[in-house]
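The values are calculated or read from the model by the stated rules, or taken from the named source; none is laboratory data. These numbers come from a predicted model, not from an experiment. Note that each Cβ is placed from the backbone with ideal geometry, even for glycine, and that neighbours are counted across all protein chains shown. Accessible surface is based on the protein model in full, side chains and every heavy atom, while ligands, DNA and RNA are left aside. Shrake-Rupley method; radii C 1.70, N 1.55, O 1.52, S 1.80 Å.
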Amino acid sequence: MKFGVIVFPGSNCDRDMMHALRDDLQQDVVMLWHKDHDLSMFGQDDCIVLPGGFSYGDYLRCGALARFSPMMEQVIEFANNGGKVFGVCNGFQILCEAGLLPGVLLQNENQQFVCKNVFVKSANTNNIIGRNVGDKVLKIPVAHGEGRYYADAETLEQLNKNQQVVFRYCDERGEVHINSNPNGAINNIAGICNAGRNVFGMMPHPERASSSVLSNIDGQHILQAFTYMN
Amino acid sequence: MKYTAHINVMPLKELLDPQGKAVNNSLHNLGLSQVHDVRIGKHITLHLEATNKEEAERLAQEACKKLLANQVMESFDFTLAEG
């Protein structure tokens, strides 16, 4: 299997993602430019990654313009055919704008850019990430100004019913409460997947926590999940 | 015909608008304590060519729905003027 990492104008975590996958996890990585529109080299076992950053300067809304880049049309088709897609931070915002994931990421409740380590725990084990992470509490950094996940009551009910919540913010003991929520996200949601369980989005950055040089390799549990067969 | 659309995009009423809240507090700090419920959105103007007002309205509506507003978090309205 191999990973494809898309580079949008304004992406700034694309190289971190590449190094984490290539150097820390020894995976094949292909860098993809947002103006390309050929994903024919990627199959069902491969994974397309949308990295963090500020695509198109966050103009209009975070992710709103990236969603219309030529490559995204291909990503939507790839995802609809069952291909694995993983969006981190701005990548998560783009997936929501593209309609591949439900809901939206709003400005943080406290109006501040939050950049710190947070703890997350897997909410369900019926997806590839949840299965790999199990009941471990992971320490992963967040760095965002617009990370407050929101979905209306009906969508939220569907998410819970279909067990599509992948991660919730918690404390280091794994307890989910208001004080462990860095941005005001509804129900402490840090990451979700689609109903088909092949499209994933999360605000925390696993690629910033996957090298032993950085003294934290918790992120590897998340990235590794995509290397296993469905 | 040339038309100008004046579009307002606002955060949905049921959502917390942190920007509006912070500005609300600042207005109170200025002594304007009668002010409340400040909400901040976007004003967008665009020019468009259409054969008549109905078509112009349809185009503006499409622009709002497909890109200018995300209806999960925002509502929009617009007015059209000739010229």
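Out of the stretch B:49-65, which residues are surrounded by 15 or more Cβ atoms within 10 Å (Cβ to Cβ) and assigned to a helix (DSSP H, G or I)? I'd like the intermediate steps shown before the answer.
Step one: of the stretch B:49-65, the residues surrounded by 15 or more Cβ atoms within 10 Å (Cβ to Cβ) are B:50, B:56-57, B:59-60, B:63-64.
Those that are surrounded by 15 or more Cβ atoms within 10 Å (Cβ to Cβ) and assigned to a helix (DSSP H, G or I): B:Ala56, B:Glu57, B:Leu59, B:Ala60, B:Ala63, B:Cys64.
Do you know which residues across the stretch A:183-221 are outside any loop (DSSP other than H, G, I, E, B), among the hydrophobic types (A, V, I, L, M, F, W, C) and crowded, with 20+ Cβ neighbours inside 10 Å?
First, the residues of the stretch A:183-221 that are outside any loop (DSSP other than H, G, I, E, B): A:186-193, A:199-202, A:206-208, A:211-214, A:216, A:219-221.
If we keep only those that are among the hydrophobic types (A, V, I, L, M, F, W, C) as well, we get A:186, A:189-190, A:192-193, A:199-200, A:202, A:213-214.
Across the stretch A:183-221, the qualifying residues are A:Ile189, A:Ala190, A:Ile192, A:Cys193, A:Val199, A:Phe200, A:Met202.
Residue-wise test of (1) loosely packed, with under 15 Cβ neighbours inside 10 Å; (2) touching a residue at least 60 places away in the same chain (Cβ under 8 Å); (3) within 20 Å of A:Tyr59 (Cβ to Cβ); (4) away from every other protein chain (no Cβ under 14 Å).
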residue	(1), (2), (3), (4)
B:Met1	yes, yes, no, yes
B:Asn8	no, yes, yes, yes
B:Pro11	no, yes, yes, no
B:Ser26	yes, no, no, no
B:Ile40	yes, no, yes, no
B:Ile44	no, no, yes, no
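Could you tell me which residue of the stretch A:128-162 is most open to solvent (accessible area, probe 1.4 Å), considering only residues that are assigned to a loop (DSSP other than H, G, I, E, B) and farther than 19 Å from A:Cys96 by Cα? Walk me through how you get there before you give the answer.
Applying the first criterion (assigned to a loop (DSSP other than H, G, I, E, B)) to the stretch A:128-162 yields A:134-136, A:145-147, A:151-152, A:162.
Next, from what is left, pick out any that are farther than 19 Å from A:Cys96 by Cα: A:134-136.
On the way: A:Gly134: 26, A:Asp135: 143, A:Lys136: 85 Å².
Applying the filter and picking the extreme gives A:Asp135.
Tell me yes or no: at least one residue of the stretch A:50-62 is under 16 Å from the mean Cα position of the chain (by Cα), under 24 Å from A:Gln164 (Cα atoms), small (Gly, Ala, Ser) and not in a helix (DSSP H, G or I).
Filtering the stretch A:50-62 for residues under 16 Å from the mean Cα position of the chain (by Cα) gives A:50-55, A:62.
Retained after the next criterion (residues that are under 24 Å from A:Gln164 (Cα atoms)): A:50-52, A:62.
Remaining after also requiring small (Gly, Ala, Ser): A:52.
In the following step, the residues that additionally are not in a helix (DSSP H, G or I) were identified as A:52.
Checked against the condition, which is being under 16 Å from the mean Cα position of the chain (by Cα), under 24 Å from A:Gln164 (Cα atoms), small (Gly, Ala, Ser) and not in a helix (DSSP H, G or I), the stretch A:50-62 yields at least one hit.
From A:Val30, A:Val104, grab the single residue that is at pLDDT 95 or above and more than 22 Å from A:Ala190 (Cβ to Cβ).
A:Val30
For residues that are in contact with a Cys (Cβ under 8 Å, 6 or more places away or on another chain) and touching a residue at least 60 places away in the same chain (Cβ under 8 Å), scanning just the stretch A:98-113, find the one that is most open to solvent (accessible area, probe 1.4 Å). Explain how you work it out, then say what you get.
Just the residues of the stretch A:98-113 that are in contact with a Cys (Cβ under 8 Å, 6 or more places away or on another chain), to begin with: A:101-105.
With touching a residue at least 60 places away in the same chain (Cβ under 8 Å) added as a condition, the list becomes A:101-103, A:105.
Values: A:Leu101: 4, A:Pro102: 39, A:Gly103: 12, A:Leu105: 15 Å².
The qualifying residue most open to solvent (accessible area, probe 1.4 Å) is A:Pro102.
Going residue by residue through the stretch A:11-26, is there one that turns out to be of a type in the set (A, V, I, L, M), buried (at least 16 other Cβ atoms within 10 Å of the Cβ), in contact (Cβ under 8 Å) with a residue 24 or more places away in the chain and under 18 Å from A:Val104 (Cβ atoms)? Explain how you work it out, then say what you get.
Going through the stretch A:11-26, the residues of a type in the set (A, V, I, L, M) turn out to be A:17-18, A:20-21, A:25.
From the residues that got through so far, the ones that are buried (at least 16 other Cβ atoms within 10 Å of the Cβ) too are A:17-18, A:20-21, A:25.
Filter once more, keeping what is in contact (Cβ under 8 Å) with a residue 24 or more places away in the chain: A:17, A:20-21, A:25.
With the extra rule that they be under 18 Å from A:Val104 (Cβ atoms), the set shrinks to none.
There is no residue in the stretch A:11-26 that is of a type in the set (A, V, I, L, M), buried (at least 16 other Cβ atoms within 10 Å of the Cβ), in contact (Cβ under 8 Å) with a residue 24 or more places away in the chain and under 18 Å from A:Val104 (Cβ atoms).
A quick yes/no check of all residues on (1) touching a residue at least 24 places away in the same chain (Cβ under 8 Å); (2) closer than 21 Å to A:Ser210 by Cα:
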| residue | (1), (2) |
| --- | --- |
| A:Phe119 | yes, yes |
| A:Thr125 | no, no |
| A:Val137 | yes, yes |
| A:Tyr149 | yes, no |
| A:Asn179 | no, no |
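Step by step: first the residues of the stretch B:13-24, then only those that are open to solvent by 50 Å² or more (accessible area, probe 1.4 Å) and in a loop (DSSP other than H, G, I, E, B), then the one that is nearest to A:Arg148 (Cα to Cα). Which residue is that? Quick ask: steps written out before the conclusion?
Here is the first cut: in the stretch B:13-24, the ones open to solvent by 50 Å² or more (accessible area, probe 1.4 Å) are B:13-14, B:16, B:19, B:21, B:23.
Narrowing the set further to residues that are in a loop (DSSP other than H, G, I, E, B) leaves B:13-14, B:16.
Numbers: B:Lys13: 16, B:Glu14: 15, B:Leu16: 11 Å.
Taking the candidates together, the pick is B:Leu16.
Residues in the stretch B:66-83 that are closer than 14 Å to B:Ile40 by Cα and either assigned to a strand (DSSP E or B) or away from every other protein chain (no Cβ under 13 Å) (or both): how many?
Result for the stretch B:66-83: 3.
Please indicate, with yes or no, whether at least one residue in the stretch A:173-181 is open to solvent by less than 50 Å² (accessible area, probe 1.4 Å) and touching a helix residue (DSSP H, G or I) at 6+ places or on another chain (Cβ under 9 Å). Quick ask: steps written out before the conclusion?
Pass one, the stretch A:173-181, residues open to solvent by less than 50 Å² (accessible area, probe 1.4 Å): A:174, A:180-181.
Checking which are touching a helix residue (DSSP H, G or I) at 6+ places or on another chain (Cβ under 9 Å) leaves us with A:180-181.
Yes, that holds for at least one residue.
Only one residue in B:Leu67, B:Leu46 is over 23 Å from A:Tyr150 (Cα atoms) and over 11 Å from the mean Cα position of the chain (by Cα), so which one is that?
Values: B:Leu67 fails: over 23 Å from A:Tyr150 (Cα atoms).
After ruling out the rest, the residue left standing is B:Leu46.
Taking into account only those residues within the stretch A:40-62 that are in contact with a helix residue (DSSP H, G or I) (Cβ under 8 Å, 6 or more places away or on another chain) and without any contact (Cβ under 8 Å) to a residue 40 or more places away in the chain, which is least open to solvent (accessible area, probe 1.4 Å)?
Among those residues, the one meeting the criterion is A:Arg61.
Would you mind finding the one in A:Cys115, A:Cys170 that is of a type outside the set (Lys, Arg) and in contact with a helix residue (DSSP H, G or I) (Cβ under 7 Å, 6 or more places away or on another chain)?
On the way: A:Cys115 fails: in contact with a helix residue (DSSP H, G or I) (Cβ under 7 Å, 6 or more places away or on another chain).
Every option except A:Cys170 fails the conditions.
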